[in-house]
1. Determine which member of the set B:Ile93, B:Ile21, B:Ile15 is more than 19 Å from B:Lys173 (Cβ to Cβ) and β-branched (Val, Ile, Thr).
2. Looking for something under 15 Å from the mean Cα position of the chain (by Cα), of a type in the set (Val, Ile, Thr) and within 14 Å of chain B (Cβ to nearest Cβ) - is there at least one such residue anywhere in region A:42-56?
3. Can you report the number of residues in region A:31-41 which are in a strand (DSSP E or B) and within 13 Å of another protein chain (Cβ to nearest Cβ)?
4. Is it the case that some residue within region B:169-190 is modelled with pLDDT of 80 or more, surrounded by fewer than 13 Cβ atoms within 10 Å (Cβ to Cβ) and either within 14 Å of chain A (Cβ to nearest Cβ) or under 22 Å from B:Ser109 (Cβ atoms) (or both)?
5. Mind counting the residues in region A:43-57 that are in contact (Cβ under 8 Å) with a residue 24 or more places away in the chain and either among the hydroxyl-bearing types (Ser, Thr, Tyr) or over 14 Å from A:Lys70 (Cα atoms) (or both)?
6. Residues A:Lys25, A:Lys124, A:Lys97, A:Lys62: which one is within 14 Å of another protein chain (Cβ to nearest Cβ) and over 27 Å from B:Glu193 (Cα atoms)?
7. A:Ile47 is checked against (1) touching a Ser or Thr at 6+ places or on another chain (Cβ under 8 Å); (2) part of a helix (DSSP H, G or I) and fails just one. What number does that condition carry?
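The values are calculated or read from the model by the stated rules, or taken from the named source; none is laboratory data. Everything numeric in this text was worked out from a predicted model, so none of it was measured. Cβ sites come from the backbone with ideal geometry, for glycine too, and all protein chains shown count toward neighbours.
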Amino acid sequence: MKIKDCILIEAFKCKEDESIIEVAKKLRKITLRHIFVVDNKEFPTGIISVVDMNNRVIAEGKNPKDLKAKDIMSRPIEVYDINETVEEAYKKMAEKKRVMGAVVKDSKMIGIVTIHQLLKGMEKKNE
Amino acid sequence: MNRDKFVEGYLERMITKDKDIRKRFESSTEEESIHLRENLRDALSHSYDVYAKEYFDGGIGSYVSTFLRWTGAGADIAGSYLFFAMGGAGFGIKGIGLVEKSLADLIDSRHWAKHAKKLGLTERLSDDAKISAELIAERASAYYLPFAGVADLLRGRSKYDKKVVAKTLQYAKNNFLDYAKRVEAEEEAVEKEPKIIPLDNFRNPDYTEEATEPATIELGQYRAKGKRKAG
């Protein structure tokens with residue numbers, strides 16, 4: 001079974017050059033705690049959490065108007081190809097102690113896969 | 001051989017004996033197998049029309065060659081036995097038989113060559129060489145071996161037929177495998193699109209802008225009330 005057979009979450013993403021204020025507005029609107037950062041070719045390069053906003057902007061006393069997504073994002077991140085098997089993806093995710101990851105198709109981010117979906121996929125395969 | 005006989009005769013044989021075709025059937029569901037079988041039947045039928053129909057509708061030439069082949073075989077066999085009783089005359093009868101069979105081969109070979117040229121079968125020259133070699137061996141052995149004449153008769157025109165049938169089956173097989181690959185690619189393309197849940201499903205209602213508004217209004221109202229009291 002491959003990632004393409006799993007149920008994915010719509011890609012929640014922003015551009016590397018997007019201002020932090022815009023990113024914060026997106027996070028407020030969607031109410032998720034993480035947003036993926038993609039480059040000009042839509043390939044995921046980092047991730048920003050609301051904790052990053054707090055620790056790397058507010059706590060540092062930086063002006064959010066001067067910052068872009070790429071300045072505060074965590075990187076590198078694990079990227080999963082849609083044709084990767086659920087076993088391979090789970091192994092990578094578990095090693096990095098992550099619970100979700102960006103999924104790409106033809107090197108473009110198309111969604112998010114959770115560890116829960118990967119486990120479900122492995123369970124389905126073993127039935 | 002007519003189309004129906006050809007299609008029915010080779011359909012099951014191709015499904016069970018050809019490993020590429022068998023593989024496709026083994027990996028398909030019952031419903032898919034029905035579609036695959038129908039497509040293979042169509043491929044065989046179409047291939048027959050393109051490659052074999054004209055050849056097997058041999059016309060008067062095929063009747064003449066069949067007549068010559070049978071009478072030639074009869075004379076050949078009779079000549080072999082009469083040789084012991086009549087000596088040279090028996091040998092002469094055998095000779096007539098061999099000439100008749102050679103004429104039959106000539107007719108069939110010309111029919112085959114015409115057909116092969118029309119279809120542009122590039123292997124024709126090597127096929128011709130092989131068939132000619134077989135003919136020489138058969139004719140020569142007919143003089144020495146008692147049953148070689150019978151074997152020659154049984155092989156008859158089939159040595160040409162086999163070449164045409166092989167080409168026809170190969171063409172049908174290629175068509176069928178192309179179809180199976182196309183179906184597989186289409187199915188894969190449909191499967192490739194994963195199911196994606198929209199982000200709206202993950203919104204936390206406690207943190208939406210709508211949820212924060214009433215709190216602000218209430219606070220504003222409270223302040224307004226406070227101001228009025230103070231005033």
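1. Only one candidate qualifies: B:Ile93.
2. Yes, region A:42-56 has at least one match.
3. Qualifying residue count, region A:31-41: 3.
4. Yes, that holds for at least one residue.
5. Selection size over region A:43-57: 2.
6. A:Lys25
7. So the condition that A:Ile47 fails would be (2).
For every residue, the table says whether it meets (1) outside any helix (DSSP H, G or I); (2) out of contact with any Ser or Thr (no Cβ under 7 Å at 6 or more places or on another chain); (3) under 24 Å from B:Arg203 (Cα atoms).
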position: A:Leu8; (1), (2), (3): yes, yes, yes
position: A:Ile21; (1), (2), (3): no, yes, yes
position: A:Lys29; (1), (2), (3): no, yes, yes
position: A:Asn55; (1), (2), (3): no, yes, yes
position: A:Pro76; (1), (2), (3): yes, yes, no
position: A:Lys92; (1), (2), (3): no, yes, no
position: A:Gly101; (1), (2), (3): yes, yes, yes
